[in-house]
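A.B. asks: First the structure, which I've put down as structure tokens, then a few questions once you've had a look.
The values are calculated or read from the model by the stated rules, or taken from the named source; none is laboratory data. A quick note: this is a predicted structure, and the numbers were derived from the prediction, not measured. Note that each Cβ is placed from the backbone with ideal geometry, even for glycine, and that neighbours are counted across all protein chains shown. Heads up: the accessible areas ignore ligands, DNA and RNA and are worked out on the full protein's heavy atoms, side chains in. Shrake-Rupley method; radii C 1.70, N 1.55, O 1.52, S 1.80 Å.
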Amino acid sequence: MATAIATQADGHDGGPGEFRRGWRIVLCSLVGICLGLTAMPIYTMGVFAPHLAREFGWSMSEIMAGLSVTTIALLVAGPLAGWLSQRFGVRRVVLASQMTFGLSFMGLAFSNGSLALFYGNWVLITLAGAGTLPITFTNAISRWFEQRRGLALGVAMMGTGLFGICSKPLLAWMIPEFGWRGAYIGLGLLPLLIALPVSWAFLSSQTPEQASGVAPAQPGGLTFGQAMRDWRFWLLAIAVLPISIVLGGPVPNMENMLDIAGIDAAVAVTLTPLIGLSALIGRIAGGWLIDRIWAPLVGFVILSIPAISCLIFAWGTLTPFSAGIGIFLIGFALGIEYDLIAYLVSRYFGMKAYGSIYAMLYVFFAVGAGTGPLIMGADFDRHGDYSWSLQTGAVLLVAAAGALLLLGRYRQFAPDPKD
């Protein structure tokens with residue numbers, strides 16, 4: 001274990017220098033993830049849902065099924081985005097995706113009461129916006145950062161939390177002012193007017209060496225086929241699925257969990273934003289830690305802690321303080337989830353086929369995140385509470401996080417002189 005908890009092997013502390021040369025990559029990744037497919041649908045669906053229900057008579061479950069449609073579409077779109085970024089470069093894929101994502105998101109403004117059209121629009125949004133997923137941006141960051149890769153990934157992934165914090169006040173102004181159709185148009189303009197120009201100005205598919213005029217060898221690492229035959233990939237995949245189920249399940253069910261636990265609705269409104277706040281803290285703290293301590297150990301500790309939250313909520317009656325602790329721990333772990341896996345892919349599989357490998361693991365994220373809320377909802381429908389899913393989730397979370405400890409030492413990959 002002594003070797004396991006050692007800090008990153010060999011190499012001077014290049015942190016300050018890396019951020020001086022790579023801050024542009026981090027900035028456009030932060031903005032791109034903030035105004036991309038990862039954040040915009042999930043943080044805005046609940047706000048638009050009552051307006052769509054009144055306009056078209058749709059049920060809440062019919063509206064929320066739009067997110068399930070995106071999860072299914074991601075099974076194709078995620079790996080495709082990873083392959084395209086590997087084949088044509090991150091910059092081209094991101095720029096094209098930000099343009100088409102913004103336009104397709106505006107298409108929701110033209111909903112006419114047809115659920116088939118509504119769901120079809122979400123398929124289009126997912127396919128168009130796949131290049132705005134962390135799959136592409138973490139690829140660019142991992143090529144520019146070595147000693148401070150974890151912190152750089154954490155800062156970039158703050159984009160999801162920032163949109164979560166800003167989206168509610170923005171929509172609270174836009175919908176009364178322009179109507180829900182106008183708000184969809186306004187949201188679609190954000191990637192076009194903000195994220196796209198930032199990416200155009202700052203995002204580069206080059207490595208730092210290429211930017212300095214040096215022609216480096218191809219990045220080292222496993223090919224996609226080699227990774228698919230590597231037990232470490234399947235260990236990560238098997239661990240990621242229950243982790244994303246357990247951490248993703250409580251988020252959309254949180255208001256109901258607090259209600260049945262005896263928390264007043266007015267108090268609940270002040271508690272639920274803790275998820276976004278703690279996720280921001282988790283991203284920075286987790287990124288800082290994995291740059292200094294063996295990342296699987298950091299992941300095991302941080303991802304196991306929300307098991308306490310599961311048990312807190314499973315107890316039944318809560319105080320605002322205990323509920324706040326439970327929410328904070330879940331959000332803190334959510335803050336490290338995506339960037340930890342991105343970091344582990346770069347360390348255990350290298351950068352040769354990073355986009356394709358991370359994209360496949362992202363599929364397991366998507367399946368888990370889309371399944372978790374349904375499992376918890378079914379548990380409530382059957383038993384009137386969430387005790388079974390929460391208690392089972394606590395056990396699964398610790399076991400899955402513990403599996404990360406089997407990954408062993410980081411692997412070293414020499415640059416590949418061949419294409």
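A.B. asks: Being more than 16 Å from SER322 (Cβ to Cβ), open to solvent by 60 Å² or more (accessible area, probe 1.4 Å) and touching a residue at least 24 places away in the same chain (Cβ under 8 Å) is the filter here; which residues of the stretch 241-283 pass it?
C.D. replies: PRO252, PRO273, LEU277, ILE281
A.B. asks: Right, here's the next one. Quickly run through the stretch 102-141 and pick out the residues that are surrounded by fewer than 24 Cβ atoms within 10 Å (Cβ to Cβ) and touching a Lys or Arg at 6+ places or on another chain (Cβ under 9 Å).
C.D. replies: Residues satisfying the conditions are ALA109, PHE110, SER111.
A.B. asks: Still on this structure, please answer the following. For SER97, only one of the following conditions fails: (1) open to solvent by 40 Å² or more (accessible area, probe 1.4 Å); (2) of a type in the set (Gly, Ala, Ser); (3) at pLDDT 95 or above; (4) under 19 Å from the mean Cα position of the chain (by Cα). What is its number?
C.D. replies: If we test SER97 against (1) open to solvent by 40 Å² or more (accessible area, probe 1.4 Å); (2) of a type in the set (Gly, Ala, Ser); (3) at pLDDT 95 or above; (4) under 19 Å from the mean Cα position of the chain (by Cα), just (1) comes out false.
A.B. asks: Which condition from (1) open to solvent by less than 30 Å² (accessible area, probe 1.4 Å); (2) under 14 Å from PHE137 (Cα atoms); (3) within 17 Å of the chain's Cα centre (by Cα) is the one that THR44 breaks?
C.D. replies: Of (1) open to solvent by less than 30 Å² (accessible area, probe 1.4 Å); (2) under 14 Å from PHE137 (Cα atoms); (3) within 17 Å of the chain's Cα centre (by Cα), only one is false for THR44: (2).
A.B. asks: For the stretch 314-336, which positions are in contact (Cβ under 8 Å) with a residue 60 or more places away in the chain and surrounded by fewer than 24 Cβ atoms within 10 Å (Cβ to Cβ)?
C.D. replies: ALA314, GLY316, LEU318 - these are the residues of the stretch 314-336 that are in contact (Cβ under 8 Å) with a residue 60 or more places away in the chain and surrounded by fewer than 24 Cβ atoms within 10 Å (Cβ to Cβ).
A.B. asks: With respect to the numbered conditions (1) open to solvent by 40 Å² or more (accessible area, probe 1.4 Å); (2) part of a helix (DSSP H, G or I); (3) modelled with pLDDT under 95; (4) farther than 30 Å from PHE56 by Cβ, which one is the sole condition not fulfilled by GLY161?
C.D. replies: Condition not satisfied by GLY161: (1).
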